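A short worksheet on the structure shown next.
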Amino acid sequence: MPQETVERALALSEADGCVVIVDEGSTANLRFAGNTLTTNGVARSSRLTVISVVGAGVGVVSRSAVRDGQLADVVAAADRAAREARPSEDARPLVDAEAANTGAAGWDRPVEPTSIDVFGEFAPALGEAFAAADASGRKLYGFAEHIVTSTFVGSSTGLRLRHDQPTGRLELNAKSADLSRSAWTGVATRDFADVDVAALDATLTRRLDWAKRRIDLEPGRYETILPPTAVSDLMIYLYWSSGARDAADGRTVFSRPGGGTRVGERLSPHPISLYSDPAHPGIGCAPFVVAHSSSREQSVFDNGLPLGRTEWISDGTLANLVQTRHSAELTGLAATPQIDNLVMEGPAGGRSLEEMVASTERGLLLTCLWYIREVDPQSLLLTGLTRDGVYLVENGEVVGEVNNFRFNESPVDLLGRLTEVGASVPTLPREWGDWFNRAVMPPVRVPDFNMSTVSQAS
């Protein structure tokens, strides 16, 4: 039992302080290609992390699949590393049970792993989509994955915290019979009960029909509608780049010229909010810090610190940056640790993606972004490719598919240039979905999105 592992590890430690984290994971997946299920399976995993503190020194040892007879060696290694370590600059008193203020609800409950049964309703619907694709000369490719991770955090200060995190996603790719046309869509889900396979397949069918007409365009700046999935990939990278320590040191786009950070500075003329909330419906996540190691954005000393709704951008103004307790003391700002979800909202009454397309005189409609890489951290300039469908819109209708492009844009700069922010919906990032898929984002309209070169990718 992971709870027993936590208690035994804490009892074995001879350090001044100790934090033990046990992650019990289970995964179920289906993979398919050419309208045929190719593989399916389930897997289990377990990871033990022991964080020992001696004075201001810290030692961290993390191991997978630790057996009972190996536990003492892992704890001893962490204790030894802490004794030999130099003082950690982020050293702070470990969070105690009273400060955590979250209790140990469900601590003793057995771990309930996922299983292939999670696809009980989804799999027949997928089979029906295969049959429809066969009948119309299309081919479906993709995968469905469901992960449940139960995380147990205990400490020598009395912490006993638990969080069970379900994470699911479906990625669907449709291709024409000759493989010359391709379209992609994906959704994030907690349990697959809300996945409408028929609706997703209808979206892909419509996009393949749009692609029957090919239009070549030159690189340049185009009015562009970015769907929620593309917006999420850009905003997640912005979020990952919002560490307060780096900003205070003058390293990032959030550094104020002359010193300090840009907290309090207006980034958008629109009343945009970008926030994280562990209790947000449908994308809930751990309500306390879980840090397996220290970095400039997180600290093992903060394990168990309670998390609540945190506004990163409020009413268009930069409100907070990602802070540990240590960096908060350096910057004079509140401690606002990273949270494992992200929501972007615009003004009330935002239109749907389809409504935004219908009101477009001439512009581009993206499907998703791909192979995103950072070019310049000082401006957060990113580059990447479009993929699986860029469409030309004229007089409110999609008239054909255009060639792919390489883009060069900064998500921070984009916030100041948006001309419309639509209604926010749950979405799946295409680029970052392996690492971050709890997102609610709007479609947005950019008057001059920079398609810097034509891409030969297809």
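The values are calculated or read from the model by the stated rules, or taken from the named source; none is laboratory data. The structure displayed is predicted, hence computed values, not measured ones. Note: ideal-geometry Cβ built from the backbone for every residue, glycine included; neighbour counts use all protein chains shown. In case anyone asks, the SASA skips ligands and DNA or RNA and just uses the protein heavy atoms, side chains included. Shrake-Rupley method; radii C 1.70, N 1.55, O 1.52, S 1.80 Å.
Points worth noting:
- Segment 389-428 - accessible surface per residue (Å², probe 1.4 Å): 30
- Amide H contacts under 5 Å for Asn408: Asn450, Ser452, restricted to partners 5 or more places along the chain or on a different chain, H placed in the peptide plane at 1.01 Å from N.
- Qualifying GluC sites (Glu not before Pro) for segment 1-108 [loop in DSSP, other Cβ within 10 Å: at most 14]: Glu14, Glu89
- Rounded percent of accessible protein surface that carbon and sulfur make up, segment 204-340, 1.4 Å probe: 49
- Divide the volume of the convex hull around the Cα atoms of the chain by the residue count and you get 147 Å³ per residue.
- In this Cβ point-charge picture (+1 for Lys and Arg, -1 for Asp and Glu), the chain has a dipole of about 680 debye about its Cα centre.
- Think of a 1.4 Å ball rolled over the protein heavy atoms: segment 22-85 then has 48 Å² of accessible area per residue.
- Within-15-Å neighbourhood charge of Gly55 [Cβ basis; K, R +1; D, E -1]: -2
- Among the protein heavy atoms of segment 88-193, carbon and sulfur supply 52% of the accessible surface, probe 1.4 Å, non-protein parts ignored.
- Ligands, DNA and RNA left out, the accessible area of segment 350-452 computed with a 1.4 Å probe is 48% carbon and sulfur.
- 3J(HN,Hα) from dihedral phi, segment 345-357, Karplus parametrisation 6.51/-1.76/1.60, rounded to Hz, x for glycine, proline: 9, x, x, 4, x, x, 8, 6, 4, 5, 5, 5, 4
- At most 12 other Cβ within 10 Å, DSSP loop - trypsin sites (Lys or Arg not before Pro), segment 172-230: Lys212
- Accessible area expressed per residue, segment 164-303, with surrounding protein chains retained (probe 1.4 Å, Å²): 39
- Relative packing of 29-36, 407-414, which averages over residues the other C-beta atoms within 10 Å, highest first: 407-414, 29-36
- A straight line joining the Cα centroids of segment 271-294 and segment 404-439 runs 18 Å.
- Per-residue ellipticity at 222 nm computed for the chain from its helices equals -6000 deg cm²/dmol, with DSSP H segments shorter than 4 residues left out and the rest contributing -39,500 (n - 2.57).
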